[in-house]
Amino acid sequence: MSATTLKETALALVAPGKGILAADESHATIGRRFEALGIPNSEEQRRRYRQMLFTTKGIGEFISGVILFDETIRQAADGGRPFGDVLAGEGIIPGIKVDRGAKPLAGPPGEQVTEGLDGLRERLAEYKTLGARFAKWRAVIAIGEDGRTPTRLGLEANAHALARYAALCQEAEIVPIVEPEILMDGGHSIERCFEVTEATLHTVFHALWEHKVALEGLLLKPNMVLPGTASARQAPVEAVAEATVRCLLRTVPAAVPGVVFLSGGQADELATAHLNAMNRLPGPRPWPLSFSYARALQAAPLRTWGGDPARVGDAQRAFRHRARCNSAARSGAYTAELERSAA
Ligand code: 13P
C-alpha cells in the first residue's frame, strides 16, 4: 500500500477553498427528495439531476471531490462520457458510497448499525476500476430522549464496522471517509450532543488504531455539535462553532489530514455560517475544517431544477452559488454580501 498516495488524495480533497459534494443518495433517499417536488424517481431523472450538478461550469474551483452512488458511477452524461470522467476532467476526484445503510441493531432497542462489509474487498476493487479514489461509510447514532442511548454496545458496533471498512479501503488504495453521524433529531441539549460526539469520536479513533488504519490516509466526516432540532434552547452560531471545535480538539488526532462536516439537515445558509464561524476561531488547529454536504449544497439547485430541463441553467447557478459560499467559509470569508450576491 502506498501511504503517500492515500495522503496526497486526502490532502487534495481538503485543498484550500474546496470541499466535497455528497451526491450519493440511495434510490430511497433521492426518491423522498424528488417526491417532495413532484419529480418522478426514475433512473433517467436521477441521471439528469446528477448531470445538472456535475456539468456546472467552473464548479471545480470550489468542489474537490464528489461522492457517487453505485448507480451513478456507472452512468454517463448526454453524449456517453461516464460521470467519473466528466468530474475528473474538471479536476474533481470521484468517490463512492460503499455502505449499505443503517439497520436496527439486534438486541437493545433504539440503535442502528451500518451494514455492507460482506464482499466489500471485491466491490472496492471494482470501484477502483471505475475511477473511485475515495469512499464513504456512514454510521448513524441517535440520541435517545431517555438518556439511555447511544449505549457503549451501539457505539462499539458502529466503530468496529467503520474501522473494518477503513482498513479495507486503505488496502485498496482508496481514501476512506469515516462518517459517524450523531443525528440532530430530538429534544437534546447542545451539551448532550457534545458528550455523545466526544464519546463517539473517542470510540471510533480507538477502533481505527486497533485495525491499524493509517490516520494520515483518511478524512473524518463528523456532525457539528448542535442542540436537537426539537430543543427549545437553540444555540447561536458562535456557540456551535466553539463547541464543535473544542470537541474535535479533544478527540481527533493531529495526524488526520482533514475534517469534512456533514450538514445533517441544517438549513443551507446556517451550515455555511457554522463552518465559517469555526474557521474564524483563533487557532492553531491541526487539521483544515471543510465541508462534505449533501442537503446544504443541493437543496437550492434541486428546488430550482424541479425536473424541468428548461431550468438547468438556473439550477446550476444556484449550485455554484452555494459551492462558492461554502468555499469562502473555508477561510472565514463568508459574508452576508456574498450570500446576497446570487440575486
Ligand atoms: P448531509 O449533508 O445532507 O447531512 O449529507 C451528507 C452525507 O453524505 C450523509 O452521509
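All of the numbers you see were taken from the coordinates with simple rules; none came from a lab. Everything quoted here is computed from the prediction, not taken from an experiment. Because the Cβ atoms are built from the backbone with ideal geometry, glycine has one as well, and the counts that use them run over all protein chains shown.
Considering only beta bridges that DSSP places wholly inside the chain, some 10 percent are antiparallel. Shape annotation for the chain: C-alpha extents along the principal axes are 51, 46, 39 Å, from largest to smallest.
Treating each Cα of the stretch 199-343 as one equal point scatterer and applying the Debye formula with no solvent, the log10 of I(q)/I(0) at q = 0.13, 0.17, 0.21, 0.22 Å⁻¹ comes out as -0.64, -0.98, -1.28, -1.35. Where the only charges are on Cβ atoms (+1 Lys, Arg; -1 Asp, Glu), what is the dipole of the chain about its Cα centre, to the nearest 20 debye? Here the size comes out at about 560 debye.
Its Cα gyration tensor gives the stretch 15-113 an equivalent ellipsoid. The semi-axes, each the square root of 5 times an eigenvalue, are 27, 18, 12 Å from largest down.
Legend: Rg and Dmax of the stretch 94-141, from Cα coordinates, 12.9, 40 Å.
Amide H to amide H distances under 5 Å link Phe291 with Ile20, Phe261, where only residues 5 or more positions off or on other chains count and H is placed in the peptide plane. Label zone of Glu191 (point 7 Å out along Cα→Cβ, amide N under 15 Å): in the stretch 107-149 this covers 147.
When Rg and the Kirkwood Rh are both derived from Cα coordinates, the Rg/Rh ratio for the stretch 197-264 amounts to 1.02.
For the stretch 285-330, the alpha carbon positions stretch 45, 15, 9 Å along the principal axes, listed from largest to smallest.
Partners of Lys221 within straight-line reach, counting lysines whose Cα lies under 26 Å from its Cα and excluding those fewer than 8 residues away in the same chain: Lys7, Lys18, Lys97, Lys103, Lys128, Lys136, Lys212. Taken over the stretch 130-263, the percentage of Cα pairs per 10 Å bin, counting from 0 up to the bin with the maximum distance, is 13, 44, 31, 11, 1. Projecting the alpha carbon convex hull of the stretch 46-185 along each direction and taking the average yields 9.5 nm².
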